[in-house]
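Worksheet: the structure to be examined is printed underneath.
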Amino acid sequence: MQFGIFTVGDVTVDPTTGRPPSEHERIKAMVAIAQKAEEVGLDVFATGEHHNPPFVPSSPTTMLGYIAARTERLLLSTSTTLITTNDPVKIAEDYAMLQHLSGGRVDLMMGRGNTGPVYPWFGQDIRNGIPLAIENYDLLHRLWREDVVDWKGRFRTPLQSFTSTPRPLDGVPPFVWHGSIRSPEIAEQAAYYGDGFFANHIFWPKEHTQRMVALYRQRFAHYGHGSADQAIVGLGGQVFMRKNSQDAVREFRPYFDNAPVYGHGPSLEEFTRETPLTVGSPQQVIDRTLGFREYVGDYQRQLFLMDHAGLPLKTVLEQLDLLGEEVVPVLRKEFDSLRPAHVPEAPTHASLLAAAGGAKDSTVHAVDDVTGKAPEEDR
Amino acid sequence: MTRRTLTVVSAGLSQPSSTRLLADQLAGATRDELVRRGAEVEIQTLDLREYAHDVVNHVLTGFPPAALRTALDAVAGADGLIAVTPIFNASYSGLFKSFFDVVEKEALAGRPVLIGATGGTARHSLALEHAVRPMFAYLRAVVVPTAVFAAPEDWAGDGDDSALRARVRRAGIELAEQVDRRPAATGPADPFALTTSFEDLLAGRDPA
């Protein structure tokens, strides 16, 4: 099982000091958090993608490329990549490049984005959210698997004899997850391709996650990718820990009360009861997290949101120490012992490579270096 | 015997509340008529004051706490709805509006609804027609013709013979009639149900 963290990349005032970090501080903090994740033994770092304040990660592959150069083992991912407003051609190129630079330590999570005004900034319309996600991903899927693509769709200009470069590392496209909170069409999409399904999980009652994962599993089996319990499921989680649970509650409460999304609404106690948020001791986090599998089944990836709501970097790094030292080793052992042998791990570059029968150089040498002409033009 | 459910929403704030009193009278009149028509009637009454925090939390977080979930299901699953609000600033109260703001889209489409209101003066009575009725029209509910407003002088009327009682009876009969002519309610559509095939999605075909 994979464990990691996912970040929204919000620039939020620390409610205990009244001070917002600068964008520069926040960007550097995200990098420090990613490096710390590797240091404490976590498997995955995933960054959000946003194109409006108060968020900084507008350019995920720039950040992930930089982190790739400063880490050895960490799997780099997204939470999420906007499949609606990004050109799928650019996603294919950017993430294939990142895959090469990082030595295959890349996967992606597709998401739609729920902020209406962002869409027209990129020439799109939020009312087409689902159709955009479907069409764009289908093109992306082909661009990584077919050397030369002829394509025509509703939302971007047609492609003729287009080759997305670089070709995926070793001829193996990055694994893709699809994230959605309550759109059954996206669970269906993930199932259709045999991709992973990630349930954000953290801001809603568990029933949402349970319904969506059940639908995904059922459709995964329907499309013949394996049995329902072999589908690839990821979940979000949100925790704040101190050795003593009362200290955790006391320290986290001002951040909770003023947080984006749920701040100034339900009490910390109500929200921890209604959603997977856990504020307490490492043992409480272990118990709660182990409980997730009771309503989604054995799953492959657990990401925690650790760095939002204005929490200072120092505190986040302390949280990661607790997560890496006290929580994840226990969870890893427990989840592994509970999971039946026929339930797979989340695909990685190594496992996909093995499944494909080994690496192949997928370079497309199609163009004359001097004339710039493709061979077929000379015929 | 047909079984019918009535959900009564009262946005009265004081306890006891004249809004709740009117809601109970409307529910009673509707039940009497449904029983006369041979139905078995179950009434569930929601005092919105008990859900005030939950409604705000839902507005802010996007999901209802468990108790509010149950209340919303009672609204969505009822054969008939009776909705009564005090009139504040010439319109429904904020709590009444916020509650119906978090009722699921489509939950009231085609559903028989009886509206009522209370106020400090009879000069507020048309708020039912210019504010409450249009809101339910937007939700595509079937609002019965008689809307019942109770001003202070109405409560001073002469028991069963009062003009208010006569309007309550008429409104109850109208709602019962609408409930009676419909099949039993099945609640709102499941938001997690898949309603299209992936082939249609890929082809850009709209299932609707």
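The table that follows gives values for the structure above.
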| quantity | calculated |
| --- | --- |
| Condition met for A:Asp229 (farther than 23 Å from A:Leu268 by Cα and surrounded by fewer than 20 Cβ atoms within 10 Å (Cβ to Cβ)) | yes |
| Residue within the stretch B:145-154 that is touching a residue at least 60 places away in the same chain (Cβ under 8 Å) and closer than 28 Å to B:Thr70 by Cβ present | yes |
| Residue match in the stretch A:99-109 (condition: assigned to a helix (DSSP H, G or I), under 17 Å from the mean Cα position of the chain (by Cα) and not charged (D, E, K, R)) | yes |
| Residue count for the stretch B:39-54, restricted to those that are buried (at least 21 other Cβ atoms within 10 Å of the Cβ), part of a helix (DSSP H, G or I) and not aromatic (Phe, Trp, Tyr) | 2 |
| Which listed residue is among the small types (Gly, Ala, Ser) and modelled with pLDDT of 95 or more, from A:Ala259, A:Ala248 | A:Ala248 |
| Looking only at the stretch B:157-208, and only at residues there that are closer than 30 Å to A:Leu132 by Cα and in contact (Cβ under 8 Å) with a residue 24 or more places away in the chain, the one that is nearest to the other protein chains (Cβ to nearest Cβ) | B:Pro191 |
| All strands (runs of 3 or more DSSP E) inside the stretch A:157-233 with 3 or more residues being over 21 Å from A:Leu76 (Cβ atoms) and touching a residue at least 12 places away in the same chain (Cβ under 8 Å) | A:159-162 |
| B:Ala78 vs. criteria within 13 Å of the chain's Cα centre (by Cα) and in a loop (DSSP other than H, G, I, E, B) | yes |
| Residue in the stretch B:105-125 that is basic (Lys, Arg), in contact (Cβ under 8 Å) with a residue 24 or more places away in the chain, farther than 30 Å from A:Gln218 by Cα and crowded, with 16+ Cβ neighbours inside 10 Å present | yes |
| For A:Val239: the one exception among (1) farther than 30 Å from A:Val176 by Cα; (2) surrounded by 17 or more Cβ atoms within 10 Å (Cβ to Cβ) | (1) |
| Residues that are away from every other protein chain (no Cβ under 11 Å) and either farther than 14 Å from B:Gly94 by Cα or among the charged types (D, E, K, R) (or both), drawn from the stretch B:46-71 | B:Leu46, B:Asp47, B:Arg49, B:Glu50, B:Thr70, B:Ala71 |
| Flag if A:Pro88 is surrounded by fewer than 17 Cβ atoms within 10 Å (Cβ to Cβ) and either more than 14 Å from chain B (Cβ to nearest Cβ) or within 18 Å of the chain's Cα centre (by Cα) (or both) | no |
| Those residues of the stretch A:240-283 which are assigned to a loop (DSSP other than H, G, I, E, B), within 13 Å of another protein chain (Cβ to nearest Cβ) and closer than 21 Å to A:Leu323 by Cα, in sequence order | A:Thr275, A:Pro276, A:Leu277 |
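The values are calculated or read from the model by the stated rules, or taken from the named source; none is laboratory data. Every value quoted in this text rests on a predicted model; they were computed, and no experiment measured them. Note that we place each Cβ from the backbone using ideal geometry, even for glycine, and neighbour counts take in every protein chain shown.
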